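Below is a structure I'd like to ask you about.
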Amino acid sequence: MPSRRSFLARCAVVGAGLIGGDLLGRSGRLLAAAPSLADPGDPEVPNEQVAKLLKDLFGDRPIRKGHLSLDMPVVAEDGRIVPVIIESDLPMTADRYVKAVHLIVDHNPDPHLAAYHLTPAIGSVAIQTRIKMKRTTWVRAIIDTSAGDVWAAYAHVNVSLNGCG
Amino acid sequence: MTIGEARIRLPDRIAKGDLITVNAIVSHPMDTGFFRTADGQPIPAYFIRDVVVSYAGEQVARFEWTSGVSRDPIVSFTLRADKEGPLTMVWTDNKGGVYRQTATVAFTAA
């Protein structure tokens, strides 16, 4: 029986293929229609609260997908305890490093759930924790680097039991 | 565990320069302020909001948390073990509670 991870990896490959194909077909129109730098696979910003949060944290800098993985369950049966793994392949050296990792849960009462401020001594971005989720929503992990680059990873989590009250 | 009781786990064997994983847990209710007791009394927000990690006397990370972090919060992260010394974590909650724990980074004899 294949492990969960290898299954997820294969799903991701299939998903990437589908999105890639779609991109090829629509990229011309999308570029013409949408001046924003958002990738068509990015989750829509759901409300003003999250929009303001992203603006406050990252200003007008583009939020691009990449250099980051956000590993969360596709279905969280108990919204009180949802595991999160955030990892990045970006270097952590004295002159180039990840300054901060922000964890944002779109439909939680306080979407800016946690911020992890790091220094080169931490050596890598590999953070694990457990969080509460109110309902089914997108989760965003977004990192801010010393060079001012912003990288993101997204996960859509289906929540069965409200963990926020 | 009583509130604020904390543990930090480091690998058993550490060589100079290793990228080690640090696992930490602190006992805390992390109440959101949205729940009520069985008899209808609101449970006020009570959660850890700040975590400072210091290694050999230098601050190497700081975490800002909300009540969205699960009860008895765990966090794991890496550390470049380039010197021997204490690894100290200080958790502070929204009611002024301060909880501290220290583990020692010591290199294993080859």
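Just so you know, all these numbers are worked out from the coordinates, no wet-lab data involved. Keep in mind that this is a model prediction, so the values were computed, not measured. Quick reminder, even Gly has a Cβ in these numbers, built from the backbone with ideal geometry, and neighbours come from all protein chains shown.
Output the peptides B:6-12, B:30-36 sorted from most to least packed, where packing is the average of other Cβ atoms within 10 Å over each peptide's residues.
B:30-36, B:6-12
Under a Cβ-Cβ cut-off of 14 Å, what is the net charge of the residues other than B:PRO42 that fall near it, where Lys and Arg count +1 and Asp and Glu count -1?
That works out to -1.
With a/c under 1.5 counting as rounded, go ahead and sort the stretch B:45-110 into rounded, prolate or oblate using the C-alpha gyration tensor (a ≥ b ≥ c being the square roots of the eigenvalues; past the cut-off, prolate if a/b is larger than b/c, else oblate).
Prolate is the answer for the stretch B:45-110, as a/c is 1.5 or above and a/b outweighs b/c.
For a protection proxy built on the mean count of beta-carbon atoms within 10 angstrom, sort A:84-90, B:96-102, A:129-135, B:82-88 highest first, please.
A:129-135, A:84-90, B:82-88, B:96-102
Can you give the average number of partner chain beta-carbon atoms within 10 Å of each beta-carbon in peptide B:70-81, as a whole number? List each step's numbers first, then the result.
Working: counts 13, 5, 2, 4, 5, 6, 5, 12, 10, 4, 6, 2.
Counting Cβ atoms of other protein chains within 10 Å of each residue's Cβ and averaging gives 6.
Taking the Cα centre of chain B as origin, work out the dipole magnitude from +1 charges on Lys and Arg Cβ and -1 charges on Asp and Glu Cβ, in debye rounded to 20.
On the way: 12 positive and 12 negative charges, 22 e Å.
My answer is approximately 100 debye.
Follow-up. How large is the Rg to Rh ratio of chain B when both quantities use alpha carbon positions and Rh follows Kirkwood?
Ratio of gyration radius to Kirkwood radius for chain B: 1.08.
For q = 0.16, 0.29 Å⁻¹, what log10 I(q)/I(0) does the stretch A:107-162 give under the Debye formula with an equal point scatterer on each alpha carbon and no solvent?
Here the Debye-derived log intensity ratios amount to -0.61, -1.38.
Suppose each label sits 7 Å from its Cα in the direction of the beta carbon; what would the B:THR104-B:LYS16 distance come out to in nanometres?
Using points 7 Å along Cα→Cβ, the separation is 1.8 nm.
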